[in-house]
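Down below is the structure, laid out as structure tokens.
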Amino acid sequence: MAPHATTPYTNGATNGGRVPVDDVSFNRTSAAAPVHPTAARRNIPVVVNSPTSQFTDEYITSKFEYRGADVVATENSIEVTPTVNNFEFRTQRKVQKTGLLMVGIGGNNGTTLTATIFANRHNITWRTKEGLQTPNYIGSVLRASTMRLGVDPKTGRDFNIPVSDVLPMVHPNDLVIGGWDISSLPLDKAMYRAQVLDWDLQRQVAPYMATIKPLPSIYYPDYIAANQSERADNLIPASLKKDHVEHIRRDIRKFKEENGLDRVIVFWTANTERYSDIVEGVNDTAENLLRAIENNHSEVSPSTIFAVASILEDAPFINGAPQNTFVPGCIKLAEQHRAFIGGDDLKSGQTKVKSVLAEFLVNAGIKPLSISSYNHLGNNDGRNLSSQAQFKSKEISKSSVVDDMVDANHLLFKRADKSLGERKNEHPDHIVVIKYVPAVGDSKRAIDEYYSEIMMGGRNTLNIFNECEDSLLATPLILDLTVLAELLTRVQYRRVPEGTEFQSLYSVLSLLSYMLKAPLVKPGTDVVNSLGRQRLALENFLKACLGLQHEGDLLLNTRTW
């Protein structure tokens, strides 16, 4: 029986082209099941009836007042001056045909994501001991969560809408998948190796997965753990970093051309690297970084090579790992080319909980004295992190997640008195431990202790045990980051009344922060780790593109006569 297919091909990364799969035969578990709501296609556009919004077949154009406040503290008062900046946004309505090229496609995340897309695209059901399972995109912020759009005037109740329906966005089923890996295993065998998905599902998606073979990648042994060397059998033959950049650029162009794509997103989901040293004259400016690549300098990492190649090809590059891929020269190169970058490190489990709990404690007026985080896991990510240099990268990304919440409260945490020679503000003790335990596989265990001071010298201890299937939490975030990156390439803005031409957003896509542990932001601006603020920023931006002002949760209609 031929596979049930809505799209009669998938990408074959051996040549970047389309490989027919209509002739693949295998036993399906059941007849086609109802499509899960998170995977359903809906074509009900949001139309705003307002003079600030204009809808044409090509664009959604909106006027938006960005309201803020300038605050100046003097000896006698705190002076607040409201500010208003007027913007006009223009969003292209036609969704681009988009390809996703993953670096590390043969790993747990890459194979799980690809199999999930195939399962949803072909509506493949499978059986477990709990019964029949339906493919879905649960865990995706865009596909599986809603946001408040306004109030139904008839009922007075909030009207909530799937986030993916606010503006035209790529449906995950439509993504064309390809990528690079240092391991040559085709994706069906790499999926078996990962041991993430149920066997009955693996059995059915395997014929589709087998059509994708990873493109050769680059391998600098100094950057990842020595225990990864046994996988490295699929390498670009060139030995010079400048040749690696050109090879990857050709791969991107070929993938785009052979699949008829409008846009390619490149995503790093490969191993965590060690941190690169920031060296003056090497990676501090765009020109120096390109020269360092030309000179084969040792402090140019594989992920930075991929980022540079993507920038030069105008392919948004997102770093899903914790290393410092975006050295200063890389950010400046993206600025020069008006290219998009985003990162760092997927925020899926323990760190996401930590950003919520730290905010809860500090906003409740409770003073965290220490935050102790212990993890153990048994997948290849854990194996790589058993090396100290790679663990250090992860430790840094996990440790910074509470900084902005702590810095915002000078009542609980003392500011440094520079007159006394103090350099650092008071901060909770924060430790992170990660251990490799092969037996637990992809099922990560995370234990957190929050030890806090409460009133009159009292103490409060909060312990959390979190067991999660690591890759099944991470892969929906890769989808979200990819879909949002594509959307943001279609959004332009201009300030009014200056009457300037529409232009693209700033190169660093900080609107992706909700899904990232160590959000990359515009140099010189504050990092926001608060999960609530990150989510609100994303919602408000989507509303702004429609011409809707932020309502907040004041809910005056419930508090007035």
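Numbers for the structure displayed
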{"read-out": "Unsatisfied cross-links (Cα-Cα over 26 Å) in the set LYS347/LYS435; LYS189/LYS241; LYS94/LYS189; LYS254/LYS522; LYS256/LYS444; LYS254/LYS352", "value": "LYS189/LYS241; LYS94/LYS189; LYS254/LYS522; LYS256/LYS444; LYS254/LYS352"}
{"read-out": "Stokes-Einstein diffusion coefficient of region 201-331, Kirkwood radius over Cα pairs, 37 °C, 0.692 mPa s, in µm²/s", "value": "207"}
{"read-out": "Alpha-carbon Rg with Dmax, taken over region 157-231, Å", "value": "18.1, 58"}
{"read-out": "Semi-axes of the equivalent ellipsoid for the chain, Cα gyration tensor, largest first, Å", "value": "36, 30, 27"}
{"read-out": "Ranked packing of 455-463, 252-260, 477-485, 326-334, most packed first, by mean Cβ within 10 Å", "value": "477-485, 326-334, 252-260, 455-463"}
{"read-out": "Entries in LYS367/LYS424; LYS354/LYS414; LYS332/LYS367 that, when Cα-Cα distance is taken, lie over 29 Å", "value": "LYS332/LYS367"}
{"read-out": "Length-normalised contact order for region 34-101 - Cα pairs under 8 Å, 6+ apart - percent", "value": "28"}
{"read-out": "Residue-wise HN-Hα coupling along region 157-168, computed from phi with Karplus coefficients 6.51, -1.76, 1.60 (Hz; x: Gly, Pro)", "value": "8, 4, 10, 10, 9, x, 4, 5, 9, 5, 10, x"}
{"read-out": "Ranked order, VAL433, VAL362 - accessible area, probe 1.4 Å, largest first", "value": "VAL433, VAL362"}
{"read-out": "Most to least packed among 545-554, 100-109 [average Cβ atoms within 10 Å]", "value": "100-109, 545-554"}
{"read-out": "DSSP bridge pairs, the chain: antiparallel proportion in percent, nearest 5", "value": "65"}
{"read-out": "Peptides ranked, highest mean first, by Cβ atoms within 10 Å: ranges 59-65, 155-161, 111-117", "value": "111-117, 59-65, 155-161"}
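The values are calculated or read from the model by the stated rules, or taken from the named source; none is laboratory data. Keep in mind the model is a prediction, meaning the values are calculated, not measured. Cβ: placed from backbone, ideal geometry, glycine included. Neighbour counts: every protein chain shown. SASA here: full protein model, heavy atoms, side chains in, ligands and nucleic acids out. Shrake-Rupley method; radii C 1.70, N 1.55, O 1.52, S 1.80 Å.
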